[in-house]
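Have a look at the structure that comes next, please.
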Amino acid sequence: MATRKAVGLLDRSGGLTDTFWYSTKRRLLGPPLVNQDLGEQRLSNPLALGVLSPDGISSSAYGTEEILIALVPVVGLAAFTLLLPMTLVVLLVMVLVLLSYREIVMVYIRPGGSYVVARENFGPRIAQVCAVALLIDYVVTVAVQTSAGTAAVASAIPAIGPYKLEVTVGVVLLMAFGNLRGLKEAGRSFAVPTYLFAGAVILMIVVGVIRDLTGNLGQLDPATLHGAYKLGSSTEGLISGAMIFTLLRAFANGGASLTGIEAVSDAVGAFRPPEGRNARKVLMTEGAILGVLIAGISWLAFRTHATPYTAGYPTVLAQEAQIIFGGGFFGKAFFYLLQLATMLILYTGANTSFNGFPFLTSYVAGDSYLPRWLLKRGHRLVFSNAIIVLTIVSVSLIIIKDADVNSLVPLYAIGVFTAFSMAGFGMARYQSRHRTPGWRHRQAINLAAGVMTALVVAVFAVVKFTEGAWVVVVLFAILVPALIRMNREYSAENEVLETISENQAPPPPHYARRTVFVFVDGFDLATLAALRYARSLRPTSIRAVHFVIDSVRADKLREEWTRANRGVPLDFIDVSDRRLTRAAAELVEREIADPGTHVTVVLPRRSYSALLGRLLHDRTADKIAAVVSRIPRSAATIIPYDVESRVRVLQERQAAKMAAEAADLADQQARTEEAEVADRHATPNGEKPPPLPEPTARARGLLKKRDPADADGQPGEASSQTPGVTPIGSLTGQGRATVEGRIRVVEIKPVERNSVLACEISDGTGTLTALFYGRSHIPGIVCGARVRFKGAVGIKNGHPVMINPAYELIFPAV
């Protein structure tokens, strides 16, 4: 609550205004949440089953169809006979995976699932194989689930079919928007699609089995279905190479039915205590439901000959529902209810990736294998960067594959089964290392699960290679080394930091001379801001530098600089080859040739909005800063200057000042008129009227003509007409003199065991150097200040010099 109040006070203070983009984000996503709003909800078993199971249970909606897509074009009607044994093999793999994850949820209670298992048992580097597999899985899950959901909608409303790509992309964008607002998966509303879909499909299976037993179940003729896959007529035997390859493709397609059953292991910590036991119950319940749905849908496809269509709709599940429920009022009602439930669970299953992907990336980034900006929570306390990355990649994938489920499946199961395999082998290693009671039995189960799922990965990589699996193989080959390389960079940085922290901090460096270069491209407000910052560093000397690549522009800058007379010399360096970074580096290197010199380069830069800045900036300042920062005893500072807002502020101040001066002048005139009236009515005894009041400072300002060189509030050079002041250019080196001028250079020069402060001033007619022996700093004697020196004058190397003169600070540096 205190944080909310502080934010509110800041908003009302008027000191800071929200940018256009932030205001837009606030309107779209709502007000920002504070860290105290980051709560944790414990799930009961029924709620956990509904919330964590959509991804796994919804896979049954298209698993059977994917098997038929691989078989029907090759073996024709025999596909429906082969469907049942293929389904049994898929269910066997599912049982092994469930038994393996049954052990995982009892051992690893904290979130992370397969990644944590692999990291704890094989080390973080090998675990990156699992990390890449899961990242690919989450991305493809969004694409497959939303595409399948849209196919379910098109099965009920065929008019939507031609627009399935647009609908699918729109659904993904809506999911991203909802999750950026902080959509919570733990809500009861997310459990409804799971129970609705499971109930509707089980009802369809029961009714279908009853109608089949009573001989009242219809059957389609695939040969007469327009738009369905053509029936093949292969006469190859089951043991032929071509048939084995076909069966392996069918099995690989059917493996898509098992995706998502690992979701429970990623959220064990969200269960009520005892977490492991409750997670195990939910996991086995999910597996039982998924097995019933897969077996039931495959059996009904075998009996009804529901055939997949090349367009992806109507789906096999929709055809089964139409045959079983019939065309009556209640039949159509149940048909549309089933399609609605299918759409909801598929879209909800896709939404689980928007929860799992950001958390996985945060875990991997926490281990320094992904960029650390993925650890940052956004406006609504969600990992916004990861959600945006997931949205961009999944939408791109959907567009490339035209929202076709069959085209996306080859990319799907490799990532999923790689994670299954890593989890199985990881748990087998865990059992061999800890050897708890019954460890041999559990090790055998996990080892069998690891081997079986590894074989599935190999089958997928081979039989689906030309259909898109090669993309996943290439991604593994690129991303795993990339993640390890990124960790190496972070580790090297941390090692250096630890070494520095362990050693005693070195004493701060003492430089006899500190030089500041202000790189000037043009004379504008940004340059003035950079000069002010340079003076604030209190350097020994300040030099403005312009690299000449356009002589006409350089001449114009010279005139503007001379007219403004900022008290800082401007050097022009010709860069005929236009290599500005090299010219800057050479200038700095020449300056630091003296070991006691430190150089700071100040680079002014006009700032714009983020988008406009990318268009207007060529990043020259960044390039120069990067080069300079690599030179010893040198540093670079970029000074951004928001010209638009600063001009607005200065205009407001100037308007307020002019209004105040006008009010003072009006008040002065009124007082003058009152004095004149009093004079006319003076008493005849000769009394004089009271003297007129002195004009106020602001009134005098209106009557006084200002020096153009003082437009920014800084005095100009000393005038030779000042009484008692001798122009520096007329000094001959004999006798004493009083001079005035603006300090251009301040240097500290070591002299044997002492030091001398050398101060160079200029009055427009010449320069004079004052030497203060035994001094390293005099308050007020800094570059830009205006001073008066009085003392004996000598000539050294043709220039006038004063030693330990009396000094008077006339105007301080601005």
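The values are calculated or read from the model by the stated rules, or taken from the named source; none is laboratory data. The shown structure was predicted, so the numbers you read here are calculated from the model rather than taken from an experiment. Note that each Cβ is placed from the backbone with ideal geometry, even for glycine, and that neighbours are counted across all protein chains shown. We work out accessible area using only protein heavy atoms, side chains counted, and drop any ligands, DNA or RNA first. Shrake-Rupley method; radii C 1.70, N 1.55, O 1.52, S 1.80 Å.
Checking Val153 against (1) touching a residue at least 12 places away in the same chain (Cβ under 8 Å); (2) within 28 Å of the chain's Cα centre (by Cα); (3) open to solvent by 10 Å² or more (accessible area, probe 1.4 Å), only one condition comes out false. Which one?
For Val153, the exception is condition (2).
For residues in segment 488-537 being among the hydrophobic types (A, V, I, L, M, F, W, C) and open to solvent by 90 Å² or more (accessible area, probe 1.4 Å), which is modelled with the lowest pLDDT?
Across segment 488-537, the extreme among qualifying residues is Ile500.
Find the residue count for segment 302-315, including only residues that are crowded, with 19+ Cβ neighbours inside 10 Å and closer than 17 Å to Thr224 by Cβ.
Final tally of qualifying residues: 7.
Can I ask one more? Got a sec? Which of Leu340, Leu344 is touching a Leu at 6+ places or on another chain (Cβ under 7 Å), open to solvent by 20 Å² or more (accessible area, probe 1.4 Å) and assigned to a helix (DSSP H, G or I)?
Among Leu340, Leu344, only Leu344 is touching a Leu at 6+ places or on another chain (Cβ under 7 Å), open to solvent by 20 Å² or more (accessible area, probe 1.4 Å) and assigned to a helix (DSSP H, G or I).
When only residues in segment 110-138 that are open to solvent by 10 Å² or more (accessible area, probe 1.4 Å) and β-branched (Val, Ile, Thr) count, which is nearest to Thr391 (Cα to Cα)?
This residue is Ile136.
Picking from Val382, Val409, which residue would you name as being touching a helix residue (DSSP H, G or I) at 6+ places or on another chain (Cβ under 7 Å) and open to solvent by less than 20 Å² (accessible area, probe 1.4 Å)?
Val409
Is it fair to say Arg181 is within 19 Å of Ile345 (Cα to Cα) and modelled with pLDDT under 85?
No.
Would you check which residues across segment 94-109 are in a helix (DSSP H, G or I) and either of a type outside the set (Val, Ile, Thr) or buried (at least 22 other Cβ atoms within 10 Å of the Cβ) (or both) and list them?
The answer is Met94, Leu96, Val97, Leu98, Leu99, Ser100, Tyr101, Arg102, Glu103, Ile104, Val105, Met106.
Starting from segment 512-527, keep only residues that are within 14 Å of Val548 (Cα to Cα) and in contact (Cβ under 8 Å) with a residue 24 or more places away in the chain, then list their pairs with residues that are assigned to a strand (DSSP E or B) and not small (Gly, Ala, Ser) whose Cβ atoms are within a distance under 6 Å, requiring at least 6 positions of separation or different chains.
As it stands, the answer is Phe519/Val545; Phe519/Leu603; Val520/His546, since those pairs meet every condition given.
Let me ask something additional. Would you mention how many residues in segment 316-337 are open to solvent by less than 40 Å² (accessible area, probe 1.4 Å) and in a helix (DSSP H, G or I)?
Number of matching residues: 11.
Let me ask another. What are the pairs, 6+ residues apart or on separate chains, where a residue within segment 721-733 that is farther than 11 Å from Asp763 by Cβ and assigned to a loop (DSSP other than H, G, I, E, B) has its Cβ under 9 Å from a residue that is open to solvent by less than 30 Å² (accessible area, probe 1.4 Å) and of a type in the set (Gly, Ala, Ser)?
Gly733/Gly794
Name the single residue that is nearest to Ser58 (Cα to Cα) among those in segment 269-288 being buried (at least 20 other Cβ atoms within 10 Å of the Cβ) and of a type outside the set (Gly, Ala, Ser).
So the residue we want is Glu286.
Failed condition for Ala148, given (1) among the hydrophobic types (A, V, I, L, M, F, W, C); (2) at pLDDT 90 or above; (3) crowded, with 23+ Cβ neighbours inside 10 Å, with all others met?
Of the numbered conditions (1) among the hydrophobic types (A, V, I, L, M, F, W, C); (2) at pLDDT 90 or above; (3) crowded, with 23+ Cβ neighbours inside 10 Å, the odd one out for Ala148 is (2).
Next question. Counting just the residues of segment 538-561 that are surrounded by 20 or more Cβ atoms within 10 Å (Cβ to Cβ) and among the β-branched types (Val, Ile, Thr), which one comes out nearest to Pro595 (Cα to Cα)?
Among those that are surrounded by 20 or more Cβ atoms within 10 Å (Cβ to Cβ) and among the β-branched types (Val, Ile, Thr), it is Thr540.
So Leu455 clears everything in (1) aliphatic (A, V, I, L, M); (2) out of contact with any Gly (no Cβ under 8 Å at 6 or more places or on another chain); (3) farther than 25 Å from Ser60 by Cβ; (4) surrounded by fewer than 21 Cβ atoms within 10 Å (Cβ to Cβ) except one condition, right? Which one?
It is condition (3) that Leu455 fails.
Between a residue in segment 584-608 that is more than 25 Å from Gly522 (Cβ to Cβ) and assigned to a loop (DSSP other than H, G, I, E, B) and any residue that is open to solvent by less than 80 Å² (accessible area, probe 1.4 Å) and aromatic (Phe, Trp, Tyr), which pairs come within a Cβ distance under 6 Å, given they are 6 or more apart or on different chains?
Short answer, once both residue conditions are applied: Gly596/Tyr511.
Here's another thing I want to ask about it. Report, by residue number, each residue of segment 63-90 that is in contact with a Gly (Cβ under 7 Å, 6 or more places away or on another chain) and surrounded by fewer than 19 Cβ atoms within 10 Å (Cβ to Cβ).
Pro73, Gly76
Can you tell which of Val209, Val201, Val268 is of a type in the set (Val, Ile, Thr), touching a residue at least 60 places away in the same chain (Cβ under 8 Å), farther than 25 Å from Leu82 by Cβ and in a helix (DSSP H, G or I)?
Testing whether each residue is of a type in the set (Val, Ile, Thr), touching a residue at least 60 places away in the same chain (Cβ under 8 Å), farther than 25 Å from Leu82 by Cβ and in a helix (DSSP H, G or I) leaves just Val268.
Only one of (1) in contact with a helix residue (DSSP H, G or I) (Cβ under 6 Å, 6 or more places away or on another chain); (2) closer than 30 Å to Arg119 by Cα fails for Tyr313. Which number is that?
Condition not satisfied by Tyr313: (2).
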